[in-house]
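Quick note: the coordinates plus some simple rules give every number you see, no bench work behind them. Keep in mind that this is a model prediction, so the values were computed, not measured. Cβ placement follows ideal geometry from the backbone for every residue including glycine, while neighbour counts extend to all protein chains displayed.
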C-alpha cells in the first residue's frame, strides 16, 4: 500500500510539473503573438497611411474614440495609501 501511495505521489508531481511548464509555454506564446501582431499592425498602418491618408486618419480617429470609451467605462483600480 505504501508503494502505491508513493507511486501516486510521483504521478501527481509529474502532472503538476507538466502543468507548470505548459503555463510557461502559454505565456511565452501569448507574448510572442502580441509582439508579432503589434509589428504587423504598425506596418499595415504605415502602408495604409502611404496609400490612402484620409482612410488612415479615419482609422486613427476611430481607434482614439474606442480607447477613450474603454478608459472611461472600464474598471477603475482604487489604490489605498498606507498611513
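Enter the mean projected area of the convex hull around the alpha-carbon atoms of region 34-83, in nm², rounded to one decimal.
If you wrap the Cα atoms of region 34-83 in a convex hull and average its projections, you get 5.4 nm².
Set the Förster radius R0 to 41 Å, insert the Cβ-Cβ distance between residue 65 and residue 14 as r into 1/(1 + (r/R0)^6), and round the FRET efficiency to 0.05.
Here the calculated transfer efficiency is 0.20.
Given the rule -39500 (n - 2.57) for each run of at least 4 DSSP H residues, summed and divided by the residues of the chain, what is its mean residue ellipticity at 222 nm, to the nearest 500 deg cm²/dmol?
-31500 deg cm²/dmol
Tell me whether region 2-72 comes out rounded, prolate or oblate; compute the Cα gyration tensor, take square roots of the eigenvalues as a ≥ b ≥ c, and use a/c under 1.5 as the rounded threshold.
Numbers: a/c = 9.87, a/b = 3.34, b/c = 2.96.
Note, shape of region 2-72 comes out prolate.
Could you tell me the calculated FRET efficiency between residue 55 and residue 35, based on Cβ-Cβ distance and R0 = 25 angstrom, to the nearest 0.05?
0.45
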